[in-house]
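Since every read-out is calculated from the coordinates, none of them should be taken as a lab result. Quantities reported herein were computed from a predicted structural model and do not represent experimental measurements. Please note: Cβ atoms are built from the backbone with ideal geometry, for glycine as well, and neighbour counts cover all protein chains shown.
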Amino acid sequence: MKFFIDTANVDEIKAAAAMGVLDGVTTNPSLAARETKPYAELLKEICGVVEGDVSAEVIATDYDGMMKDAVELAKIADNIVVKIPTILEGLKAIKSLTSDGIKTNATLIFSPSQALLVAKAGATYASPFIGRLDDISNHGMELIDNIATIYNNYAYATQILVASVRHPLHLVEAAMIGADVITMPFDVISKLIKHPLTDIGLEKFLADYRKANKG
Ligand code: E4P
């Protein structure tokens with residue numbers, strides 16, 4: 001399973017990369033708006049920090065505009081993946097960009113039918129937003145399960161990128177289903193290693209060592 005970080009903050013990306021388990025980055029206009037640098041400049045810097053795929057989102061919502069944005073974004077670095085909203089114009093753009101050899105990430109997926117369409121169009125990644133479904137009392141993880149079944153049934157190459165992740169249990173459940181990638185905020189990544197029994201156990205081992213080796 002690949003681990004991406006969901007942020008445009010370079011310090012968070014560096015800290016996650018230092019853990020040695022980071023495979024890529026996802027950004028979006030809301031995340032970029034929290035930073036001070038212009039989006040293109042920020043993306044260039046991020047692409048220099050991580051070797052893996054870095055998703056960068058188009059702003060246009062019509063086919064021509066999306067294609068123009070996509071070409072500009074793809075020029076920034078070889079590891080840029082163009083994020084395209086899952087709307088009709090976006091579907092057309094995904095199809096064209098795939099033919100042009102540009103990697104795509106279909107974003108804002110909330111239904112299995114949307115996921116099936118973007119796979120048919122050749123998207124590199126499909127990003128279902130599970131936390132936002134949980135927020136409105138729908139089972140976000142059921143969507144991942146359904147998409148995994150559909151993609152397995154037809155051996156689609158599109159990778160399931162679990163997005164809008166809120167807590168470590170989302171990672172565990174997505175991994176049990178066999179999702180290809182998960183993108184997590186830094187806060188969630190930081191929590192993954194922590195367990196109170198590990199801390200208590202370690203404290204006891206060290207105390208016992210000190211007792212046995214005093215003087
Ligand atoms: C994914 O690519 C998105 O940037 C992200 O996961 C959205 O998460 P949110 O619902 O917490 O904004």
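Dipole of region 2-212 (Lys/Arg Cβ +1, Asp/Glu Cβ -1, origin at the Cα centre): which of M176, A212, S113 lies farthest to the positive side?
Of the options given, the answer is A212.
Placing unit charges on C-beta atoms (Lys and Arg positive, Asp and Glu negative, everything else neutral), compute the dipole magnitude of the chain about its Cα centre in debye, rounded to 20.
520
Determine the gain in length on full extension of the stretch L197-D64; use 0.36 nm per residue of separation and subtract their C-alpha separation, reporting nm with one decimal.
Gain in length upon complete extension: 42.4 nm.
Could you pull the Rg and Dmax for the chain, using just the Cα atoms, both in Å?
Cα only, the chain: 19.5, 76 Å (Rg, Dmax).
Could you tell me whether region 103-215 comes out rounded, prolate or oblate from its Cα gyration tensor? Rule is a ≥ b ≥ c as square roots of the eigenvalues, rounded for a/c under 1.5, then prolate if a/b exceeds b/c, otherwise oblate.
Because a/c hits 1.5 or more and a/b exceeds b/c, region 103-215 counts as prolate.
Report the dimensions of region 157-215 along its three principal axes from the alpha-carbon atoms, largest first, rounded to Å.
For region 157-215, the Cα spread along each principal axis is 62, 21, 14 Å.
Out of residues 5 or more away from T104 or on other chains, whose amide H comes under 5 Å of its own, with H placed 1.01 Å from N in the peptide plane?
Amide H neighbours of T104: V82, T124, Y125.
Please list, in chain and number order, the residues 5+ apart from V162 or on another chain whose amide H is under 5 Å from its amide H, with Hs placed from the backbone.
Under 5 Å from the amide H of V162 lie the amide H atoms of V181, I182, T183, each far enough along the sequence or on another chain.
Which whole-Hz ³J(HN,Hα) couplings does region 108-114 yield from phi under the Karplus relation 6.51 cos²θ - 1.76 cosθ + 1.60, θ = phi - 60°, glycine and proline marked x?
6, 8, 10, 9, x, 5, 4
With θ set to phi - 60°, apply the Karplus curve 6.51 cos²θ - 1.76 cosθ + 1.60 along region 28-33 and write out the HN-Hα couplings as whole Hz, x wherever there is a Gly or Pro.
8, x, 5, 5, 5, 5
Within a Cβ distance under 13 Å of K75, other residues only, what is the Lys/Arg minus Asp/Glu net charge?
Local charge sum for K75: -2.
Return a whole-number percent for the relative contact order of the chain, with Cα pairs under 8 Å and 6 or more residues apart as the contact set.
The normalised contact order for the chain reaches 17 percent.
Net charge within 10 Å of K2 by Cβ-Cβ distance, Lys/Arg positive one each and Asp/Glu negative one each, not counting K2 itself?
That works out to -3.
Which lysines, if any, have their Cα less than 26 Å from the Cα of K214, not counting same-chain residues under 8 positions apart?
K204
Over 26 Å between C-alpha atoms is what I'm after, so list which of K2/K44; K2/K194; K68/K120; K14/K75; K14/K103; K83/K194 land there.
K83/K194
Enumerate the calculated ³J(HN,Hα) couplings along region 156-173 in order (Karplus 6.51 cos²θ - 1.76 cosθ + 1.60, θ = phi - 60°), each rounded to whole Hz, writing x wherever the residue is Gly or Pro.
Karplus values, whole Hz, x for Gly and Pro: 5, 7, 4, 8, 7, 10, 5, 10, 6, 8, 10, 7, x, 5, 4, 5, 4, 5.
Would you please put 20-27, 44-51 in order of how densely packed they are, using the mean number of other Cβ atoms within 10 angstrom per residue and starting with the highest?
Descending mean neighbour count gives 20-27, 44-51.
Could you let me know the centre-to-centre spacing of region 60-135 and region 18-38, using Cα atoms, in angstrom?
Computed from Cα coordinates, the inter-centre distance equals 18 Å.
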